[in-house]
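One structure is given below, encoded as structure tokens.
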Amino acid sequence: MPQMFRQGRFWVQLCVVVALIAFAGLLINNITVNLIRTGLGLDFGWLWRPAGFALAETALPYAPTDSYAWALTVGWLNSIKVILMGLLLATTLGVAAGAARSSRNRLLRSLSGGYVALIRQVPLLLQLLFWYFVAFLGLPDTPVGGLIHFSNQGIRLLGLNLSVEFCSVLTGLVVFTGASIAEIVRGGINAVSRGQWEAFRSLGLSEGLGLRRIVLPQALPAILPALTSQYLNLAKNSTLAIAVGYADLYAVSDTTITQTGRAIEGFLLLLLSFLLLNLILSGGMALMNRVVLGRLQRSR
């Protein structure tokens, strides 16, 4: 009976693989046929032609006379910038809010619970538009000491100029993703036995110190797998930056496709770029998960 079960499972898997290969082949054939019919063919030579459009925000020097390839590279760097900063800040906010939801302080629990409940009910696109049109475009010209300067043109921080578009996208992604991370952290903390809480309290450790040193390290195996999904969601959700005019990879690709008419090549480059980014994020989180599990097993 076990042998028959294994053979049946093998044939099912084989059929699934064959079906996927056939589907991929059919898709590629249809794309090729349509390209031949339109007389376009698959061509990437347009990447080296002058882009002819300006970008409002660039991480590296860029001019409209530069190539489409360089414009896409600058857009990719803009995406990387907002994604990496978003991951760092959203994790910080999510951990703080998740820990507050497990606090003994009723005010902290209520505030963090209200934040999570509100933010998770409102679509991210609406939140981005709110931060752009209401929050940042409505900022008064306000210097704070000699280090920070707020205005409706952006925020100048220690000589670093942050545009309104970048601030809106970053804030929206951080606040939205932070709410989901808070729930993941809360669930991970609740998965740790109450005996661990009682143990550090009996030693006279404060709530904050016990949480950081005792509870959170034990909660990490339950937190990290779900955290990976939120990191990937943040990276994908960053494409909504086009709604507020931030020149990320998706926005630059959209303009490029409109001007060149090379939709298939443009979307192929876009898909491969985000696939690479998501594979890097997934691989990094998988490595971190193995390291954490290894340390916990050694400590036992």
Could you tell me which residue out of Thr73, Ile184, Ser238 lies farthest along the dipole of the chain toward its positive end? Charges go on the beta carbon: Lys and Arg +1, Asp and Glu -1, centred on the Cα centre.
Ile184
Positive end of the dipole of the chain, charges at C-beta (+1 Lys, Arg; -1 Asp, Glu), about the Cα centre: which of Ala90, Leu139, Ala263 has its Cα farthest in that direction?
Ala90
Any idea what the relative contact order of the range 26-164 is, in percent, if you count C-alpha pairs under 8 Å spaced at least 6 apart?
10 percent
Ranked output for segments 137-143, 283-289, 223-229 by mean other Cβ atoms within 10 Å, highest leading, reads 223-229, 283-289, 137-143
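Could you compute the FRET efficiency for Asn105 and Leu77, with r as their C-beta to C-beta distance and R0 at 51 Å, rounded to 0.05?
0.75
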For the range 61-110, report the % of Cα-Cα distances exceeding 17 Å.
58 percent
With just the Cα atoms defining each centre, how far is the range 235-300 from the range 197-231? Give it in Å.
29 Å
Which number do you get for Rg(Cα) / (2.2 N^0.38 Å) in the range 51-156?
1.45
To the nearest 20 debye, what charge dipole does the chain have about its Cα centre, counting +1 at the Cβ of each Lys and Arg and -1 at the Cβ of each Asp and Glu?
1560 debye
Over the Cα atoms of the chain the radius of gyration and the largest Cα-Cα distance (Dmax), both in Å, equal 24.3, 77
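Sequence gap at least 6, Cα distance under 8 Å: using those rules, report the relative contact order of the chain to the nearest whole percent. Don't skip to the answer; put the middle values down first.
Details: 324 pairs, mean separation 58.6, N = 300.
Reported as a whole number, the value is 20 percent.
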So which DSSP H runs in the chain come out at 15 Å plus along the axis (Cα) with average Kyte-Doolittle of at least -0.5?
2-38, 68-101, 106-119, 164-191, 216-237, 249-260, 263-299
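Read the figures in this text as sums done on the coordinates, not as results from a lab. What you are looking at is a predicted structure, and each value in this text was computed from that prediction instead of being measured. Note that we place each Cβ from the backbone using ideal geometry, even for glycine, and neighbour counts take in every protein chain shown.
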